[in-house]
Amino acid sequence: MALGIAAGALLRRTLPAVAVTIGVFTALLIGIENFVRPHYQTPLTMTVPLGHPTAGPAGSYWLLNDGITSPSGQAINGVPIGQAPSACRALIGQGGSGKVFSCMGDHGFHDILTYQPANRYWTFQGIETGIFVSLAAALIAITVIVLLRRDA
């Protein structure tokens with residue numbers, strides 16, 4: 001609302017102010033969601049053997065990144081079947097990929113999860129509320145300054 005009022009005060013035209021408001025608000029939401037929110041608190045990392053039955057943290061969580069590492073600890077892009085030991089590759093086609101991944105886990109391949117636990121939800125909501133209230137206050141101050149200078 002404050003963004004729309006400030007855009008209207010600055011542009012003095014309704015449709016351009018609406019367009020600017022929608023564009024800036026959408027860009028702000030996308031930017032915060034993708035680039036700022038994941039860093040409100042340091043994400044946690046969990047490493048489990050590939051194919052392990054409990055391949056994630058207990059309870060709910062927000063998964064930020066999921067990857068596979070080789071026995072040497074190097075990150076692997078994509079499905080690592082080509083790097084699997086020959087004993088694991090021999091299992092391909094014998095009952096699904098679960099056996100292959102379990103075999104790879106037995107040979108030192110790991111699944112690495114980077115996540116934010118669900119118990120941080122309200123903390124993140126408070127941080128984001130503070131960001132938007134601060135932006136709204138700044139926009140209202142800008143609007144007041146513009147209007148006072150214009151009428152003087």
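The values are calculated or read from the model by the stated rules, or taken from the named source; none is laboratory data. Source: prediction; values computed, not measured. So basically every Cβ, Gly included, is an ideal-geometry build from the backbone, and we count neighbours across all protein chains shown. Ligands, DNA and RNA are stripped out before the accessible areas are found, and what is left, the full protein with its side chains, is counted by its heavy atoms. Shrake-Rupley method; radii C 1.70, N 1.55, O 1.52, S 1.80 Å.
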**OP:** Give me the accessible area of residue 20, 1.4 Å probe, in Å² rounded to the nearest 10.
**Re:** 60 Å²
Original post:
Can you list the equivalent-ellipsoid semi-axes of the chain, largest first and in whole Å, using the square root of 5 times each Cα gyration tensor eigenvalue?
Top reply: 52, 16, 11
Original post:
Going by accessible area, probe 1.4 Å, with all protein chains left in place, what is the ranking of 102, 86, largest first?
Top reply: 86, 102
Subject >> Total formal charge among the other residues, if their Cβ is under 14 angstrom from that of residue 10, Lys/Arg +1 and Asp/Glu -1 >> reply: +4
Original post:
Which length gain, in nm to one decimal place, applies between residue 11 and residue 114 when the Cα-Cα distance is subtracted from 0.36 nm times their residue separation?
Top reply: 32.7 nm
**OP:** Send over a whole-number figure in Å² for the accessible area per residue of the chain, probe 1.4 Å.
**Re:** 64 Å²
Original post:
Ignoring ligands, DNA and RNA, how do 128, 33 rank by accessible area with a 1.4 Å probe, largest first?
Top reply: 33, 128
Original post:
What percentage of the solvent-accessible surface of the chain, computed with a 1.4 Å probe over protein heavy atoms, is contributed by carbon and sulfur atoms?
Top reply: 63 percent
Original post:
Among all helices in the chain defined by DSSP H, which have a length of 18 Å or more along the axis from Cα atoms plus a Kyte-Doolittle mean of at least 0.0?
Top reply: 14-31, 121-151
Original post:
Taking a 1.4 Å probe, which of 114, 26, 143 shows the most accessible area, and what order do the others take after it?
Top reply: 26, 114, 143
Original post:
At what distance in angstrom do the alpha carbon centres of the range 1-55 and the range 88-131 lie from each other?
Top reply: 25 Å
Original post:
Counting every Cα pair in the range 7-62, what percent are over 19 Å apart?
Top reply: 59 percent
